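Sharing a structure with you now.
Read-outs: derived from the displayed coordinates by stated rules, not from any lab. The structure presented is a predicted model; accordingly, all values stated were derived computationally and were not measured. Glycine also receives a Cβ, built like all others from the backbone with ideal geometry; neighbour counts cover every protein chain displayed.
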Amino acid sequence: EQNENQPQPLKGKRILITAGPTKESVDVVRYFTNHSSGKMGYALAQEAKKLGASVTLVSGPVQLDPVPGVEVVQVTTADEMYEAVIDRFEEQDMVIKAAAVADYRPKDAINQKLKKKDGPLVLELERTKDILKTLGEKKDHQYLVGFAAETNDLIHYGRQKLEKKNLDAIVVNDIGNQHIGFQSDENEVHVLTRSGQEKALPLGSKQDIANQLFEIFIEDMMGETN
Ligand code: CTP
Ligand code: CA
């Protein structure tokens, strides 16, 4: 439901958000994935919608309810996410890459069931394409936000990723923090912007964090165009 008193600073803006993990096949019955729940990305989509944006959510496999009023594009692999995001990039005003994309996939996915043998199994993995880095190279008018999952030297690695991928802002997750598991409804993050801001958002619900993040992005985005 739309609250009439809710200010809509993102009215007329298109925002694409990616969420959740990707899943890469090893054989017909097995796959590689990661612990992402998708909750942060879905919370961002809900918040963007509330703020008046036209929202597209490119989602990996998650156990979450769809967000009302938000277009969802379901993907499974990093490659599918790449295609879905690149195809829609040009018309976006903002892209937020909250998804936990696989960095590697099995080089030759086997279209049968792999049978066990004596001794160890060696699987060759190859790199996936870096979606965010590609967006950073392509971007002209878009405000581009990345996420970073780090266990140590958060700010240092966050700043490095922001520069390397040509981002406007990066949200750094401390995945070494024992209080906030991957499935948690809460999060605690650091936000770094290209314009030099550095903010710590203390522990709060992912919805609340999403709300505060948009406040920062919107202010930063407006500042850039003035
Ligand atoms: N990302 C992406 N495509 C990939 C890998 C990552 O778009 N193939 C994006 C993620 O969605 C995230 C950001 O890049 O917004 C940072 O992801 P992260 O895993 O923290 O960093 P990497 O660059 O993959 O480096 P590393 O995992 O080695 O720390
Ligand atoms: Ca990675």
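Using θ = phi - 60° and the Karplus relation 6.51 cos²θ - 1.76 cosθ + 1.60, list the HN-Hα couplings for region 14-26 in order, rounded to whole Hz, with x at every Gly or Pro.
9, 10, 10, 10, 9, 8, x, x, 10, 9, 10, 6, 9
At a 10 angstrom cut-off on C-beta neighbours, averaged per residue, how do the peptides 63-72, 143-152, 116-125, 22-31 rank from highest to lowest?
143-152, 22-31, 63-72, 116-125
For LYS113, give me every one of the aspartates and glutamates with a C-alpha distance below 14 angstrom, ignoring sequence neighbours fewer than eight places off in its own chain.
Correct list for LYS113: ASP27.
Now for a different question. Would you kindly derive the ³J(HN,Hα) couplings of region 79-96 from the backbone phi angles with the Karplus curve 6.51 cos²θ - 1.76 cosθ + 1.60 (θ = phi - 60°), listing them in order in whole Hz, with x for Gly and Pro?
5, 5, 5, 3, 4, 4, 7, 4, 4, 9, 5, 3, 7, 8, 9, 8, 10, 10
Between ASP65 and HIS141, what length comes free when the chain is fully extended (0.36 nm per residue of separation minus the Cα-Cα distance, one decimal in nm)?
Residue separation times 0.36 nm, minus the Cα-Cα distance, leaves 24.2 nm.
Continuing with the same structure: Pairs LYS115/LYS165; LYS165/LYS199; LYS49/LYS107: which are spaced more than 30 Å apart, C-alpha to C-alpha?
LYS115/LYS165; LYS49/LYS107
Right, something else. Please turn the phi angles of region 211-221 into ³J(HN,Hα) values with the Karplus equation 6.51 cos²θ - 1.76 cosθ + 1.60 (θ = phi - 60°), one per residue in order, whole Hz, x for glycine and proline.
My calculation for region 211-221 gives 4, 5, 4, 5, 4, 5, 4, 5, 4, 5, 5 Hz in order.
Local charge sum around VAL26 (other residues, Cβ-Cβ under 12 Å, Lys/Arg +1, Asp/Glu -1)?
Residues near VAL26 contribute +1 overall.
Would you pull out the residues with amide H under 5 Å of THR77's amide H, same chain only if 5 or more places away, H placed 1.01 Å from N?
Those qualifying (amide H under 5 Å, at least 5 residues apart or on another chain) are LYS23.
Helix 39-50 against the longest principal axis of the chain: what's the angle in degrees, Cα atoms only, rounded to the nearest 10?
30
Right, something else. Taking the 0 to 90 degree range and rounding to the nearest ten, how far is the long axis of helix 154-164 tilted relative to the main principal axis of the chain, both from C-alpha atoms?
That works out to roughly 90 degrees.
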